[in-house]
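Data first, discussion second: the structure below is written as structure tokens.
Values quoted throughout were computed directly from the atomic coordinates according to the rules given, and no laboratory measurement underlies them. Worth saying up front: this structure is predicted, and the values here are computed from it rather than measured. As a convention, Cβ positions derive from the backbone with ideal geometry for all residues, glycine included, and neighbour counts pool all protein chains shown.
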Amino acid sequence: MWEEHQNTVQVRRRELVGEERSMSCGVRAQVVPSVNNITEFIPGSGGNGGLAHSASTPSFHSFSGLGSPSLTTPSSLGFTSMTRSSPAASVASPQRPISPQDSPSRGRCTSPNAGGQEDNGSASNLPTYQENVGGTTYFFTAQDQPPFANTGATASPSPFTAAPQPTLVFPPYHVLPPTPAHVHHLRAPANAPHFFMGDELRQHLLEKHALTLAHVDHEQFPDLPQEVDMYHELVPLEPQHNVNKSSIFGYATSVYKATNIKTGLRYCLYRIHGYRLNNVKVTQLVDMWKKLQHSSVTQLREVFTTKAFGDNSIVFVYDYHAGAETLAARHFSSSSMLGSNGWEALATPLPGNGATESSARGIHKSHRHNSGNGLLPESTLWNYIIQLTGALRAIHTQGLACRTLDPTKILLTDNKSRIRINCCGIHDVLNFDPNAANPLANMPQYQQDDLVSLGNLMVALACNSYMALQRDSIQTAIELINRSYSRDLSMLVVCLLTSQRIKSINDVMPMIGARFYTALETATQRADVYESEIAKEVHNSRLFRLLTKLNTIVDRHQLHMDTSWSETGDRYMLKLFRDYVFHQTTEDGRPWLDLAHVVMVLNKLDAGSPDKICLMSHDEQNILVTSYSELKRCFERSFTELLQAASSHKTSLS
């Protein structure tokens, strides 16, 4: 009985050895055991399945590569193996790794048993895998692989076999795909360009760039100092001839745009005239404000005192947002603000209607969607409320209080859709009490004041008039809000003005309700549109660098005292290529201008496409048939020669 059992065990052991051999063969055919250990692809290293597009880098000395790793999975998992390849993979061009040189190679897998020799199924001769993580190289076999229990995948009972691997064929050169469908079907202008950034966004960015680089004539501002601490190139952002005392801070103030001497970044300098800082303990509050970061708060960078303006001034340095407009200038200017008769007339019931519920509902419906009667749309008010409450929540969470919720201290940026609270922290410095045991003791009361200030701001915006905040007009303003806007908005305003009902900014969040989803949807759609606009410009810089290099070669007067350098050898072919791209004519002699032709041909040259191209001399007596890959080699050899000549000249001078 014992001998029969031993024979059975030996037979089973031989079956297992046979299974190990078949499994070993199957794993060797597909080296990567898991999609989590994808082999790092280095362009130009001869890896299989690599996408070797060539793209010009900002440096003139090399080209960068765009890699696409091959993805393989064991067939035992029941997944379909797939590799990615490209016709451009065979193009030879100098490449660099897509990852930084000092980054670890993740999941680089090798199989030492390349000779295909087998033994008796011992574990030491199973396929060995190698992975470099954090500078440490780990070696393991298929038996050391973790089970797939956590991923929900189950092993197939079928043996490991090499399955056919379908391939994805990529275009041999970079090309811009059409606008994504989810962006195309948004409400976009019908005449929006398909290959370049939209005119409205481009104009907005150009205006911001122009304002950022603008400077003043110092002859017109002789009292403006050349430097203030670590800042220079001061530009006044407010009129200088009538500097009045601020009703909020109690001091005369001035605002400047300035450039940091060390970094070259632009900042906003908010100067308080005639203030002497007597106690350095206030730096504790300044440090708390410097650590606060929120998208709806203009961040405070530093605070310093100076005598550069001829007096004792304290300067608060904030981030500079070019083209920003205050809420007061946007909604409470003389042209847009309603006078006392204007908004009070809207609040008065029409004769004969008696302010019935149906008429109030009709007014509410009309005001919610348009501002034809001078009132802001309700969607705009909720947009402001969501951003302001988000900023207040971040400020209050840090144990601070805003104390500057005033239309003159709230900025509108990014096409007037983003709100940023400005001048935070100035009150804490100007009104600092050095004798107080705890400088944060009054913050809870200041936070309650923030809620009341938010309610007053919403009343002024809803009525589109400062006059609504007067003591004898507040009740009329509330009635106008009740008739013109939804019940949710009117209840929120009333609760903010009566601070007994709302104890914390967190209590405001449930009152906003599902409108958060509307704001999130608007933000994500805006991000999709911006991503689509960026995609239109993603190849422009690469083609610009390519054209820059090409024009440093073609028609160069001389190199190394050789006046015929640009007319011989590789340079002559590049000159004919330049004519092929830009100087073609129609049969009747008219210039042939086709942007698609220019973009396609330059992309083929940059990628080194194997496609053929026919070049003709100026006298039409010589015709050259070559490939873009050969032209690229000529291009690289010629530009390398220029670089060597430039570097040798620098060496001789040194």
Listed pairs LYS549/LYS632; LYS536/LYS575; LYS549/LYS604; LYS208/LYS549; LYS245/LYS290 exceeding 19 Å between Cα atoms: LYS536/LYS575; LYS208/LYS549; LYS245/LYS290
Residue-wise HN-Hα coupling along the stretch 456-464, computed from phi with Karplus coefficients 6.51, -1.76, 1.60 (Hz; x: Gly, Pro): 5, 5, 5, 5, 5, 6, 5, 8, 6
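Provide LEU615, LEU605 in ascending order of the number of other Cβ atoms located within 10 Å of each residue's Cβ, fewest first.
Exposure proxy ranking, most exposed first: LEU615, LEU605.
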Total charge dipole magnitude, the stretch 553-654, about the Cα centre, Cβ charges on Lys, Arg, Asp, Glu only, Debye to nearest 20: 420 debye
Hz values of 3J(HN,Hα) by residue in the stretch 177-186 - Karplus curve (6.51, -1.76, 1.60), Gly and Pro given as x: x, x, 4, x, 4, 5, 8, 4, 8, 6
